[in-house]
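J.: Let me give you the structure first, and then I'll get to my questions.
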Amino acid sequence: MKNFNPADNIQDLQYFGEFGGVNPSISDSSTYTFLSAKTMFDTFEGNAEGCYLYSRHSSPSNLYLDKALAAMEGTESANVAASGMGAITPTLLQLCGSGDHIVSSRTIYGGTYAFLKNFTPKFGIKTTFVDITKLDVVEASITPNTKVLYCETVSNPLLEVADIAGLAKIAKKHNLKLVVDNTFSPLSVAPAKMGADIVIHSLTKYINGSSDTVGGVVCASQEFINDLKNVNNGASMLLGPTMDSLRSASVMKNLRTLHIRMKQHSHNAQFLAEKFEQAGLKTVYPGLKSHPSHELYKGMINPEYGFGGMMTVDVGSLDNANSLMELMQERNLGYLAVSLGFYKTLFSAPGTSTSSEIPMEEQAEMGLTDGLIRFSIGLDNDIQRTFDMMEACMVELGILKTEKA
Ligand SMILES: *Cc1c(COP(=O)(O)O)cnc(C)c1O
């Protein structure tokens, strides 16, 4: 999206604190006074602009972060939540009820997969999981009861790329809502600008970037955000996954450096992916020409922010993967931990961790092999040094035969 630069939108926000502070004041209240009883009634009815009711509904601090994230995604409005799952689950429950159907990518975050596979059927919501890269398969899976098309821009953990513009066309044609989890590609991809109706992030990952909190956001039209927050039937209001004001203030401070971090994550990941591939390892990274969706993704991203910080390397077996991860941690190359977006590299074997909700035979079918290591590449200043040290670990364990620096 050439004319849409989310980092500029974030930079241009100007909020002052109560006493002229350069940071907005943090609202440290769960409830709010009204000068007149009539205003209280109007606020409950949703008619009083600028009035706060109760912090499960909204708070000044959360509204600042909402606005910043809506500006980032180019949507009318947004609603932050206490976690990514706290953004995803109310969204789907708001859009679907008993008898409704969802068409979802089969390679999605393990928690979202478990929610759709095991939890929503209790409410009469059925989901068909498909290979999201095949638009004809996606369209063929739509039934008269389908309400939602669900995907991740870049999928977890296999880094498949969803053709958002193509999916948006299908969604429009069949009158569905296209819901996109953009957690892996903030700033790089602007799904709403390509026709997505609702864009979700786990703020826990890149956007907060310091692995010190969980958080989430739903970015959408004002109408949908109002629906989520409706006191009578809004899933966010009634299920209560509210983010705390102190946290939303801290996430907002981290959001301001997201553009600098994303550039460095992408730069480092591109460098390592090229080196690992040259060394003969099976490497998956959307910035590599060998990635099946490289050309598609290149056309979708804002090139300034690159192809992102996530990559996978297949080291042949679970034993290899485990020994390598332990050795890399011992050598201080990163942490054996789930999650992503931290300043240090994080690595995990998704088959036995973040995607363990997915049954083994389904894992095999989607190409999630035992020896797969998922890397969230850190902000390392000297990435050549990192590569040299990682390569030495691989040679030591016999995963790579010779050093070809
Ligand atoms: C982590 C993650 C989630 C869930 O977010 P939480 O903040 O852990 O609740 C959802 N989608 C993706 C792609 C994720 O990586």
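The values are calculated or read from the model by the stated rules, or taken from the named source; none is laboratory data. All figures in this text were calculated on a predicted structure; none of them were measured in a lab. Positions of Cβ are backbone-derived with ideal geometry, glycine not excepted, and every protein chain shown enters the neighbour counts.
J.: Only one residue in Gly341, Gly334 is within 20 Å of the chain's Cα centre (by Cα) and outside the structural domain of Phe115 (by the TED database). Which one? Show your work before the answer.
T.: Values: Gly334 fails: within 20 Å of the chain's Cα centre (by Cα).
None of the others qualify; the one that does is Gly341.
J.: Need pairs with beta-carbon distance below 9 Å; first residue surrounded by fewer than 20 Cβ atoms within 10 Å (Cβ to Cβ) and within region 54-80, second at pLDDT below 95 and among the acidic types (Asp, Glu); sequence gap 6+ or separate chains.
T.: These pairs meet every condition: Ala71/Asp12.
J.: Within region 116-138, take every residue that is among the aliphatic types (A, V, I, L, M) and assigned to a helix (DSSP H, G or I) and give me the one that is nearest to the ligand (Cβ to nearest atom). Break it down stepwise before answering.
T.: If we filter region 116-138 for residues that are among the aliphatic types (A, V, I, L, M), which is where we start, we get 116, 125, 130, 132, 135, 137-138.
From the residues that got through so far, the ones that are assigned to a helix (DSSP H, G or I) too are 116, 135, 137-138.
Values: Leu116: 12, Leu135: 21, Val137: 21, Val138: 19 Å.
By that ranking, first place goes to Leu116.
J.: When you check Ser211 against the structure, is it surrounded by fewer than 19 Cβ atoms within 10 Å (Cβ to Cβ) and more than 16 Å from the ligand (Cβ to nearest atom), yes or no? Before the answer, list the steps.
T.: Numbers: surrounded by fewer than 19 Cβ atoms within 10 Å (Cβ to Cβ): yes; more than 16 Å from the ligand (Cβ to nearest atom): no.
For Ser211, the condition - surrounded by fewer than 19 Cβ atoms within 10 Å (Cβ to Cβ) and more than 16 Å from the ligand (Cβ to nearest atom) - is not met.
Residue-wise test of (1) surrounded by fewer than 23 Cβ atoms within 10 Å (Cβ to Cβ); (2) in contact with a Phe, Trp or Tyr (Cβ under 6 Å, 6 or more places away or on another chain); (3) over 19 Å from Gln384 (Cα atoms).
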site: Leu281; (1), (2), (3): yes, no, no
site: His294; (1), (2), (3): yes, no, yes
site: Gly306; (1), (2), (3): yes, no, no
site: Met310; (1), (2), (3): no, yes, no
site: Val313; (1), (2), (3): no, yes, no
site: Ala321; (1), (2), (3): no, no, yes
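J.: Based on this model, can you work out whether Asp244 counts as charged (D, E, K, R), in the same structural domain as Tyr64 (by the TED database), within 16 Å of the ligand (Cβ to nearest atom) and more than 21 Å from Leu159 (Cα to Cα)?
T.: Numbers: charged (D, E, K, R): yes; in the same structural domain as Tyr64 (by the TED database): yes; within 16 Å of the ligand (Cβ to nearest atom): yes; more than 21 Å from Leu159 (Cα to Cα): yes.
Answer is yes for this residue.
J.: Of all residues in region 12-27, how many are under 28 Å from the mean Cα position of the chain (by Cα) and either surrounded by 12 or more Cβ atoms within 10 Å (Cβ to Cβ) or modelled with pLDDT of 90 or more (or both)?
T.: Within region 12-27, the first condition is being under 28 Å from the mean Cα position of the chain (by Cα), and the residues that meet it are 12-15, 23-27.
If we keep only those that are either surrounded by 12 or more Cβ atoms within 10 Å (Cβ to Cβ) or modelled with pLDDT of 90 or more (or both) as well, we get 12-13, 15, 23-27.
Qualifying residue count for the region: 8.
J.: Would you confirm whether any residue within region 59-70 is in the same structural domain as Val154 (by the TED database), more than 26 Å from Val231 (Cβ to Cβ), at pLDDT below 95 and not basic (Lys, Arg)?
T.: Here is the first cut: in region 59-70, the ones in the same structural domain as Val154 (by the TED database) are 59-70.
If we keep only those that are more than 26 Å from Val231 (Cβ to Cβ) too, we end up with none.
Checked region 59-70: no residue is in the same structural domain as Val154 (by the TED database), more than 26 Å from Val231 (Cβ to Cβ), at pLDDT below 95 and not basic (Lys, Arg).
J.: Residue by residue through region 139-153, note down the ones that are more than 12 Å from the ligand (Cβ to nearest atom), touching a residue at least 12 places away in the same chain (Cβ under 8 Å) and not basic (Lys, Arg). Even if it seems obvious, please write down each step before you answer.
T.: Here is the first cut: in region 139-153, the residues more than 12 Å from the ligand (Cβ to nearest atom) are 139-149.
Subset that is touching a residue at least 12 places away in the same chain (Cβ under 8 Å): 139, 141-143, 145-149.
Passing the criteria: Glu139, Ser141, Ile142, Thr143, Asn145, Thr146, Val148, Leu149.
J.: Give region 146-188 a look and list any residue that's within 11 Å of the chain's Cα centre (by Cα) and at pLDDT 95 or above, or say none.
T.: Cys151, Glu152, Thr153, Val154, Val180, Asp181, Asn182, Thr183, Phe184, Ser185, Pro186
J.: Could you grab me the full set of residues in region 368-384 that are loosely packed, with under 15 Cβ neighbours inside 10 Å and not in a helix (DSSP H, G or I)?
T.: The first filter runs over region 368-384 and keeps only residues loosely packed, with under 15 Cβ neighbours inside 10 Å, leaving 381-382, 384.
Of everything in region 368-384, those that are loosely packed, with under 15 Cβ neighbours inside 10 Å and not in a helix (DSSP H, G or I) turn out to be Asn381, Asp382.
J.: What helices (runs of 4 or more DSSP H), lying completely within region 283-367, carry at least 3 residues that are within 22 Å of Arg261 (Cα to Cα)?
T.: Working: elements: 294-300, 318-330, 360-365.
The qualifying helices (runs of 4 or more DSSP H) are 294-300.
Quick grid of which residues meet (1) under 24 Å from Thr127 (Cβ atoms); (2) part of a loop (DSSP other than H, G, I, E, B):
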{"residue": "Tyr15", "(1), (2)": "no, yes"}
{"residue": "Phe19", "(1), (2)": "no, yes"}
{"residue": "Ile26", "(1), (2)": "no, yes"}
{"residue": "Thr43", "(1), (2)": "no, no"}
{"residue": "Val80", "(1), (2)": "no, no"}
{"residue": "Ser83", "(1), (2)": "yes, yes"}
{"residue": "Val103", "(1), (2)": "yes, no"}
{"residue": "Ala114", "(1), (2)": "yes, no"}
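J.: Still on this structure, I have one more. Among the residues of region 189-208, what is the count of those that are part of a loop (DSSP other than H, G, I, E, B) and within 14 Å of the ligand (Cβ to nearest atom)? Lay out the reasoning, then the answer.
T.: We begin by selecting, within region 189-208, every residue part of a loop (DSSP other than H, G, I, E, B); these are 189-190, 195-197, 203-208.
This time we only want the ones that are within 14 Å of the ligand (Cβ to nearest atom), so: 189, 203-208.
Residues that pass the stated criteria total 7.
J.: Could you tell me whether any residue of region 291-300 is touching a helix residue (DSSP H, G or I) at 6+ places or on another chain (Cβ under 9 Å), under 26 Å from Asn208 (Cα atoms) and not assigned by the TED database to the domain that holds Val130?
T.: Checked region 291-300: at least one residue is touching a helix residue (DSSP H, G or I) at 6+ places or on another chain (Cβ under 9 Å), under 26 Å from Asn208 (Cα atoms) and not assigned by the TED database to the domain that holds Val130.
J.: Quick one: count up the residues across region 79-102 that are away from the ligand (no atom under 15 Å from the Cβ) and touching a Cys at 6+ places or on another chain (Cβ under 9 Å).
T.: 1
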